[in-house]
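Beneath this line is the structure, given in structure tokens, with notes to follow.
Read-outs throughout are calculated quantities, based only on the coordinates presented, and are distinct from any laboratory measurement. For clarity, every value in this text was computed on a predicted model and none was experimentally measured. We place every Cβ from the backbone using ideal geometry, glycine too, and count neighbours over all the protein chains shown.
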Amino acid sequence: MPKPIHCIVAVAQNGVIGREGRLPWHIPEDLEWFTDQTVGGVMIEGPACYQELGKALSGRGTVVVSRDEKKVFPGASRASNLESAIAEAEKLPWSGPTWITGGERIYAEGLAHCSKLYITRIHQDFLGDRTFPKDWQKTFTRLVWSKESRQADLSYTFEIWER
């Protein structure tokens with residue numbers, strides 16, 4: 001039986017997910033949420049996401065989608081496209097879900113494969129150059145869990161959506 005595929009993302013009110021290869025905010029609770037959810041699974045991400053983290057995270061597998069065959073990602077596997085990355089994730093010895101973890105292109109292609117969306121909705125606009133697909137709620141129509149939270153003057157909601 002194939003591993004379930006889930007997506008995890010933090011999105012600003014205006015759809016921004018990144019700026020110049022980095023998150024445009026620092027929310028420790030969201031980073032902890034991301035870590036707790038993805039541990040034991042396999043993360044599929046683009047090269048910019050890998051570089052932002054600076055390494056493959058321990059306690060989970062990592063597959064980087066990159067067309068550059070010469071590029072090496074220490075601690076991670078490399079796949080040339082999303083379909084190959086999903087196949088590679090199935091081979092890795094991690095028992096948890098496969099996670100689509102960004103960036104923009106990986107999310108745009110990966111949402112079609114996901115059964116659940118774990119989204120942190122940040123209730124503020126941010127400047128950025130990368131966005132999350134605006135039509136995600138056409139695919140994920142059932143909110144199954146949510147929790148509101150706040151850090152100083154920044155409020156956000158953790159949500160889990162299903163198809």
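At 10 °C and 1.306 mPa s, grab the translational diffusion coefficient of segment 8-106 from Stokes-Einstein with a Kirkwood Rh over Cα pairs, rounded to a whole number in µm² per second. Can you show the working numbers first?
Details: Rh = 13.7 Å.
For the chosen part, D equals 116 µm²/s.
Site pair Q51 and D129 shows an inter-label distance of 1.0 nm when each label is modelled 7 Å from Cα along Cα→Cβ.
Using only Cα atoms, tell me the angle between helix 82-91 and the longest principal axis of the chain; keep it within 0 to 90° and round to the nearest 10. Taking the Cα atoms of the chain, the angle to 82-91 is about 70 degrees. This model, with +1 at the C-beta of Lys and Arg and -1 at the C-beta of Asp and Glu, gives segment 5-162 a dipole about its Cα centre of some 220 debye. By the rule of a C-alpha distance below 18 Å, with chain neighbours fewer than 8 residues away ignored, the lysines paired with K70 are K55. Taking 18 Å as the straight-line reach from the Cα of K147, the aspartates and glutamates in range (excluding those fewer than 8 positions away in the same chain) are E29, D30, E32, D36, E159, E162. To the nearest 10 degrees, how steeply does helix 28-38 sit against the main Cα axis of the chain, on a 0 to 90 scale? So the helix axis and the longest Cα principal axis differ by about 40 degrees. For segment 26-163, averaging the sequence separation of C-alpha pairs within contact (under 8 Å, six or more residues apart) and dividing by the residue count gives a relative contact order of 21 percent. Among the trypsin sites (Lys or Arg not before Pro) in segment 113-159, those located in a DSSP loop and surrounded by at most 10 other Cβ atoms within 10 Å of their own Cβ are K134.
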